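Everything below concerns the one structure shown next.
Where a number appears in this text, it was derived from the coordinates with a stated rule and is not lab data. The structure presented is a predicted model; accordingly, all values stated were derived computationally and were not measured. Using ideal geometry, Cβ is built from the backbone for each residue, glycine included, and neighbour counts are taken over all protein chains shown.
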Amino acid sequence: MTFPGRSASPGAPGPRRSRRTVLRGAALASAGVAATCLTGCEHRYEAKPEAPDEPVELGPADEVPVGEARLYERARLLVSRPEEDTFLAWSAVCTHLGCLLSPPEGTVAECPCHNSRFDTVDGGRPLAGPAYEPLLPVPVRVNDEGVLVAGESS
Ligand code: FES
């Protein structure tokens, strides 16, 4: 079997070499993506979106203005507040390649790596790609002291 731009030589493996070449190409392509993000995406966590294992106190609920959203960078969470007594929390890890989202403008959070945008009120849905999966929702509540508590056991 010959490939365009290659000459067949005696003893040269055909399909096996091509599979290896394809795999090597895929690895190099992945490395290229990683290298691009390592140099251009200081917010890359190489993480998957996930909810905290334990409840996390984020701070006073009033730090999230009504009609806006806030990034909690250390906890890697976003909290939006569409109404006075309604809080929604999301993983702030982009569903594309795992970068941390930027602080939201209004209720829209943007990824600094490839500019995906997410609606933090309407199901965390992507408004612009390349991400096509919505943000991961995280349970959140306001405790008796008015503090936002996020996580599975909150
Ligand atoms: S990591 Fe690519 S858009 Fe967020």
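In the stretch 52-72, the condition of being within 13 Å of the ligand (Cβ to nearest atom) and either touching a residue at least 60 places away in the same chain (Cβ under 8 Å) or not aromatic (F, W, Y) (or both) is met by no residue.
What are the residue pairs meeting all of these: first residue in the stretch 86-101, first residue more than 8 Å from the ligand (Cβ to nearest atom), second residue of a type in the set (F, W, Y), Cβ atoms under 6 Å, and 6 or more apart or on different chains? As it stands, the answer is L100/Y45, since those pairs meet every condition given.
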